[in-house]
Each structure stands twice: as structure tokens, then as C-alpha cells.
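The values are calculated or read from the model by the stated rules, or taken from the named source; none is laboratory data. Just so you know, these numbers come straight off a predicted model, no measurement behind them. Here the Cβ is made from the backbone with ideal geometry for all residues, glycine too, and neighbour counts use every protein chain on show.
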Amino acid sequence: MTAARLRPAQGLAPETPYAPHLLHAADRNWPETNCYVDLWIELLHGRGLVPEAMLGFTLRQDFEGDQFTFFKPPAADLERLYGIEVLELAVYDTLEAQALIQVQQGRPVLVEVDAIHLPDTSGTTYGREHGKTTIGILALDPETRELDYLHNAGRFRLSGDNYHGIFGPAVLPPYAEFVKAVASPMSPADLPGAALDLLRRHRTRAPAHNPVLAFRDALARTAPALVQRPLGVFHAYAFNTTRQLGANFEMLASHLAWLEAAAAGPFAPAWDAAARLAVEAKAFQFQLARAFHRRSADGLAPRLDRLAATYADVFAALDRALDR
């Protein structure tokens with residue numbers, strides 16, 4: 001890539017081997033969560049910041065009737081903790097031209113793209129299946145048609161036809177944002193206290209009911225017909241239910257472990273319960289897959305009772321730690 005064009009928006013030079021954050025370690029139960037949270041973990045990691053501090057918002061996850069909340073870090077939390085503002089990019093010219101302007105100012109561009117053009121999804125969607133996902137553009141070169149980007153748990157490059165697929169003509173302009181530093185990030189000494197304050201605030205906005213029970217009841221109604229559908233439906237359904245639930249609570253466990261290590265509170269029991277819920281959600285996802293293979297939902301929904309009890313354990317332990 002030409003040096004004049006390629007000014008990375010953050011972190012390492014594109015030629016440097018990339019090491020994902022430990023929140024994306026391969027030995028985690030859910031090494032990837034959803035594209036937006038994964039992207040923010042790596043955006044913060046690339047700036048030398050602590051992504052564990054932002055994860056208190058996971059307390060607010062609910063069952064929305066057909067899915068668990070697609071959990072995302074609130075913009076206000078990102079600004080308070082890290083001095084970062086997230087602004088919508090009004091795409092009135094071409095995405096390529098405007099992304100270039102932003103990354104040349106050191107501002108990553110977050111954009112929804114078609115995963116069929118992303119080489120890092122080889123074996124799943126790349127070249128095979130259309131799917132919406134969000135990437136973080138760190139650098140691009142219109143002359144050589146190369147792109148340096150963050151997606152899921154890593155940093156990657158694409159070029160040629162894939163570059164054209166990302167920036168080619170579209171019926172409607174994609175939704176895009178850019179990341180702008182507006183203040184200094186909070187100091188390491190002050191970060192745990194601020195994160196704890198946000199955790200307390202998010203606790204007051206957590207669901208008043210047990211969302212795992214709501215999921216159980218919805219699944220009991222829909223499962224007999226659901227498991228008769230093609231296996232591809234399982235993947236989409238599991239991503240938006242069991243994966244979002246399990247990954248959300250594994251992130252909460254990491255947040256509470258980080259606060260415990262920072263002596264911000266006695267969070268070990270809540271951390272342990274959240275980690276157990278992440279494991280149980282993964283086990284239930286396997287049971288859901290078997291139900292699809294057998295074309296039978298017999299006994300499936302009641303297996304969520306254990307997860308619902310663990311969810312209650314998380315909040316009981318957390319409330320003790322917060323003196324609620």
C-alpha cells in the first residue's frame with residue numbers, strides 16, 4: 001500500500017502480526033460475541049485501553065420476545081471511560097472517499113458490510129453466503145484497492161474484487177460511524193471506580209423479570225415447529241439466542257473479575273455465577289442443535305430452568321456485592 005494513502009487509524013502498522021485481546025482467547029467458551037462488541041474490544045485494545053472496563057452494560061440484556069438483546073456498549077460509557085465519541089458518518093459522496101478522509105485523521109470507520117466479501121470468514125460466509133456484519137476500517141488505498149480492517153476477533157486485509165464488493169455501488173448507502181477521540185481516557189487509577197459507578201447504574205436498568213424464563217416460555221411455544229425447519233435456521237436462531245446470552249454473561253464475568261482484581265468490590269461469587277451461565281448456555285446450544293437434527297423438541301424448553309436459576313444466582317450475588 002502506498003504510504004501516502006495508508007495512514008492507519010490506530011495501533012500497529014498493518015504489516016505487524018496482530019495479537020487479539022485476551023477477551024478473544026481461543027480457550028473461552030465464547031471466543032466471539034457479536035460483531036459490534038468484538039469490534040470495540042479490538043478498537044480499545046489497539047489504543048492500549050482496557051476493554052473490560054466497559055462491560056457493565058451487559059447487566060441490561062433482556063429477552064426481546066424473539067431474541068436476546070444484541071448487546072452493545074453505550075456511547076455515553078465509551079466517552080466517559082475512554083474519551084471516545086461515536087458519530088454517524090453521513091455518506092453523501094462515496095463510502096470509499098469519505099472513509100479515506102476519516103482514517104487519514106486517525107478515526108476508524110465502523111460500517112455495516114456484506115460478509116460475503118470478508119476473507120476472514122472463510123469457511124462460513126466468505127464467497128458463499130450474504131450476511132450483514134460490522135467492520136472497523138483502519139486504512140485503505142484506493143489506488144491498489146486494499147483495505148486494512150478489524151472484524152470479530154482480529155485484524156485483516158482484503159483487496160481486489162473484495163475491495164470492490166465493500167465499496168462498489170449500492171442501492172442505499174450503508175450505515176456507518178466514525179470514532180473520534182474527544183478527551184483523554186480515564187487514568188488507570190480512576191478507571192475501576194468509574195466502571196463500578198456505571199455498573200451500579202446499569203443494575204438499576206436490568207430487567208425486573210428473569211429473561212431466561214421468558215425465553216423458555218417462548219421456546220416452549222415455538223420449538224415444535226422451529227426444529228422442523230432447515231439446519232440453517234438453527235444457526236441464525238442460536239446466534240441470536242443462546243450465543244448472545246452465553247457471550248453476554250461471559251463478558252460480564254470478565255468485567256466482574258477485573259473489578260475484583262482492582263479491589264473495587266467482592267465480586268467473586270457473581271463472577272463465578274456469570275461464568276457458569278456462559279457454560280450452561282453453550283451446553284444448551286448443543287441440546288438445541290440435537291433437537292434440530294432429531295426434528296423433535298421433546299423436553300427442550302424445560303432444560304432452560306437450570307439457566308434461569310443461574311441467572312437468578314448472578315443477580316443475587318451481585319446485589320450482595322453492591323449492598324443492594
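Contact map, the range 77-96: residues that are more than 14 Å from Arg107 (Cα to Cα) paired with residues that are acidic (Asp, Glu), Cβ distance under 7 Å, separation 6+ or inter-chain. Pairs shown: Glu79/Glu85.
Out of Leu78, Leu87, one residue alone is out of contact with any Leu (no Cβ under 7 Å at 6 or more places or on another chain), part of a strand (DSSP E or B) and among the aliphatic types (A, V, I, L, M). It is Leu87. Within the range 41-60, not a single residue is of a type in the set (Ser, Thr, Tyr), under 30 Å from Ala223 (Cα atoms), out of contact with any strand residue (DSSP E or B) (no Cβ under 9 Å at 6 or more places or on another chain) and modelled with pLDDT under 95. Does the range 36-44 contain any residue that is in contact (Cβ under 8 Å) with a residue 24 or more places away in the chain, part of a helix (DSSP H, G or I) and surrounded by fewer than 20 Cβ atoms within 10 Å (Cβ to Cβ)? Scanning the range 36-44, I find at least one residue that is in contact (Cβ under 8 Å) with a residue 24 or more places away in the chain, part of a helix (DSSP H, G or I) and surrounded by fewer than 20 Cβ atoms within 10 Å (Cβ to Cβ), so the answer is yes.
Conditions (1) out of contact with any strand residue (DSSP E or B) (no Cβ under 8 Å at 6 or more places or on another chain); (2) surrounded by fewer than 17 Cβ atoms within 10 Å (Cβ to Cβ); (3) farther than 25 Å from Gln61 by Cβ, marked per residue:
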site	(1), (2), (3)
His130	no, yes, yes
Phe156	no, no, yes
Ala170	yes, yes, yes
Met186	yes, no, no
Ala195	yes, no, no
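Residues checked against (1) among the aliphatic types (A, V, I, L, M); (2) part of a helix (DSSP H, G or I); (3) not assigned by TED's automatic domain parsing to the domain that holds Thr94:
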position	(1), (2), (3)
Glu177	no, no, no
Ala208	yes, no, yes
Ala214	yes, yes, yes
Thr222	no, yes, yes
Ala225	yes, yes, yes
Gln228	no, no, yes
Arg243	no, yes, yes
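Residues in the range 245-302 that are in a helix (DSSP H, G or I) and closer than 29 Å to Leu39 by Cβ: 36 in all. Residues in the range 94-117 that are under 22 Å from Ile41 (Cα atoms) and touching a Gly at 6+ places or on another chain (Cβ under 9 Å): Pro108, Val109, Leu110, Val111, Val113, Asp114, Ala115.
Within the range 285-303, being surrounded by 14 or more Cβ atoms within 10 Å (Cβ to Cβ) and within 14 Å of Arg221 (Cα to Cα) holds for Ser296, Ala297, Leu300, Ala301.
A residue that is out of contact with any helix residue (DSSP H, G or I) (no Cβ under 9 Å at 6 or more places or on another chain) and hydroxyl-bearing (Ser, Thr, Tyr) can be found somewhere in the range 166-179.
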